[in-house]
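Only one structure is covered here, and it is reproduced in the block below.
The values are calculated or read from the model by the stated rules, or taken from the named source; none is laboratory data. No experiment lies behind these values; they were computed from the predicted model shown. No Cβ is skipped: glycine too gets one built from the backbone with ideal geometry, and neighbour counts run over all protein chains shown. Ligands, DNA and RNA are excluded from the accessible area calculation, which covers all protein heavy atoms including side chains. Shrake-Rupley method; radii C 1.70, N 1.55, O 1.52, S 1.80 Å.
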Amino acid sequence: MDTQPLYDLAPIARLMLLGVVIALGPLAWVWVRNRHALPAQRLRVLTLVTLFLTFDLVLFGAFTRLTDSGLGCPDWPGCYGSVSPVGASSSIAAAQDAMPTGPVTFSKAWIEMIHRYLATAVGVLILVLALVSWIERKRLSVSFVWPLVTLVWVCLQGAFGALTVTMKLFPVIVTLHLLGGLGLLALLRAQAVGYRLAEPGSRGPVELTARLRAALMAVFGLLWLQIALGGWVSTNYAVLACSDFPTCQGNWWPSMDFREGFTLWRHLGLNSAGEAITFPALTAIHVAHRLMAFVVLGAMVWLGWRLWRVPGMGPTARALLLLALWQFASGLTNVVLDWPLLAAVGHTAGAAALVIVLTGALSGTRSAAPRRAETTGTSALNMFRSTP
């Protein structure tokens with residue numbers, strides 16, 4: 001019987017030290033390349049580097065989930081109380097001998113721990129961002145509050161990461177962990193735009209009509225809903241409930257159980273009564289995501305076409321249209337090619353990139369001021385400006 005405790009804090013100090021060591025590389029690079037830059041410029045570069053590594057972390061988290069490595073180490077924060085699978089080799093070997101195709105193998109343990117190492121390094125970088133923002137607050141024209149919010153957010157994200165292990169991949173927890181990682185991307189992207197707008201010589205936010213900016217916000221909201229539905233598909237392993245397109249199981253409206261499929265508080269593979277989840281419930285999960293995909297795809301194409309006509313928004317429009325096409329192609333590939341790993345990770349990458357692009361668009365724009373008055377709309381510059 002496995003008596004390994006779910007929480008074993010013995011290796012936490014060594015894990016934190018390892019995170020610091022990993023983070024020293026990006027920090028040194030930023031300092032050497034930008035040692036003569038203004039504080040806002042250095043912070044912008046460090047924020048962009050942290051954003052890039054967080055994007056990688058989200059993708060590696062998807063890889064961890066898709067390779068069934070989420071329980072490769074059944075405790076937290078270490079692996080059988082060790083800082084790495086090397087120190088836990090005897091426990092991993094025993095678990096693998098007892099269940100060769102089970103959740104604990106050497107490869108899965110390494111995948112899970114690399115994900116934790118990268119997450120710890122990202123946490124250290126965000127801590128540095130918050131500390132530097134606090135120290136330089138009097139020299140910056142942007143508020144240090146948002147880096148502090150990001151620090152709190154990454155701590156909560158770490159807590160959800162622990163729960164994904166200790167609650168044995170509870171679907172709603174895993175989905176919230178995914179949404180939290182994408183929320184972290186949005187926070188970092190908005191801060192990077194805020195620092196850019198605060199730099200001397202910045203052209204300032206792009207002005208959009210009130211209706212177009214409202215449409216931009218609406219599409220952003222639809223994107224989050226679709227990502228939540230996609231996360232629910234992935235965490236419930238409902239991708240293969242439909243293996244054909246555009247029909248599902250050869251029907252336009254197959255047998256579905258939306259009530260059971262969207263009961264949130266239940267264990268993986270089980271319904272609320274503790275019995276095996278039915279195939280119609282999995283089908284309902286898949287079809288809901290598929291139907292919403294058509295709505296979101298149409299909204300993004302329309303928004304990209306509208307933004308293309310706005311001076312200064314061409315790159316955003318092109319990125320939006322290309323990513324919408326990528327999401328359609330990778331999503332379709334997952335269905336018709338039996339959920340290949342590369343396409344599945346690529347689908348998550350597209351969703352993360354869309355969050356970054358639309359967050360940048362919202363943060364770098366404002367509603368056009370009425371001609372009769374000198375008013376300012378919301379922008380990243382206003383959001384992150386320091387208060388007197």
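For the chain, modelled as a GNM whose springs connect Cα atoms under 10 angstrom apart, the maximal fluctuation among G194, G314, G331 occurs at G314. With the whole protein complex present, K168 retains an accessible surface near 100 Å², based on a 1.4 Å probe. With the Cα gyration tensor of the stretch 80-151 giving a ≥ b ≥ c as the square roots of its eigenvalues, does the rule (a/c under 1.5 for rounded; else a/b larger than b/c for prolate; else oblate) give rounded, prolate or oblate? Here the stretch 80-151 falls in the prolate category. The calculated pair-distance distribution of the stretch 107-217 uses every alpha carbon pair, bins of 10 angstrom beginning at 0, and gives 12, 33, 29, 19, 7, 0 percent. Ordered by 1.4 Å accessible area with all protein chains kept, V206, V233 run largest first as V206, V233. Of the residues G180, W224, P205, the one whose Cα sits farthest towards the positive end of the charge dipole of the stretch 164-246 is P205 (charges of +1 on Lys and Arg Cβ, -1 on Asp and Glu Cβ, taken about the Cα centre).
Taking the Kirkwood radius as the inverse of the mean 1/r across Cα pairs, report the Rg/Rh of the stretch 199-341.
Result for the stretch 199-341 is an Rg/Rh of 1.09.
Based on C-alpha pairs under 8 angstrom that are at least 6 apart in sequence, the chain has a relative contact order of 20 percent.
Site pair W29 and R137 shows an inter-label distance of 3.1 nm when each label is modelled 7 Å from Cα along Cα→Cβ. Mean projection of the Cα convex hull over all viewing directions, computed for the stretch 169-251: 8.3 nm². Between A214 and V21, the contour length at 0.36 nm per residue exceeds the alpha carbon distance by 65.1 nm.
All other residues with a Cβ under 15 Å from the Cβ of G261 taken together, and with Lys, Arg as +1 and Asp, Glu as -1, what is their net charge?
Surrounding charge for G261 is 0.
Mark the label point 7 Å from the Cα of I12 along Cα→Cβ and return the residues of the stretch 74-114 whose backbone N is within less than 19 Å of it. Residues 74-84, 113 qualify, since their backbone N sits under 19 Å from the label point. If you average the alpha carbon positions of the stretch 90-130 and of the stretch 1-67, how far apart do those two centres end up, in angstrom? Between the Cα centre of the stretch 90-130 and that of the stretch 1-67, the gap is 15 Å. Legend: Rg and Dmax of the stretch 183-222, from Cα coordinates, 12.4, 35 Å. Protection proxy ranking of 333-343, 152-162, by the mean of other Cβ atoms within 10 Å over each peptide's residues and highest first, is 152-162, 333-343.
The alpha carbon convex hull volume per residue for the chain rounds to 158 Å³. With both labels modelled 7 Å from their Cα along Cα-to-Cβ, the W308 to Q41 distance reads 3.6 nm.
Around A317, what is the net charge, scoring Lys/Arg as +1 and Asp/Glu as -1 over all other residues with Cβ under 12 Å from its Cβ?
+3
Using just the C-alpha positions of the stretch 1-113 as equal point scatterers, what log10 of I(q)/I(0) does the Debye formula give at each q in 0.11, 0.16 1/Å? For the stretch 1-113 at q = 0.11, 0.16 Å⁻¹, log10 I(q)/I(0) is -0.48, -0.80.
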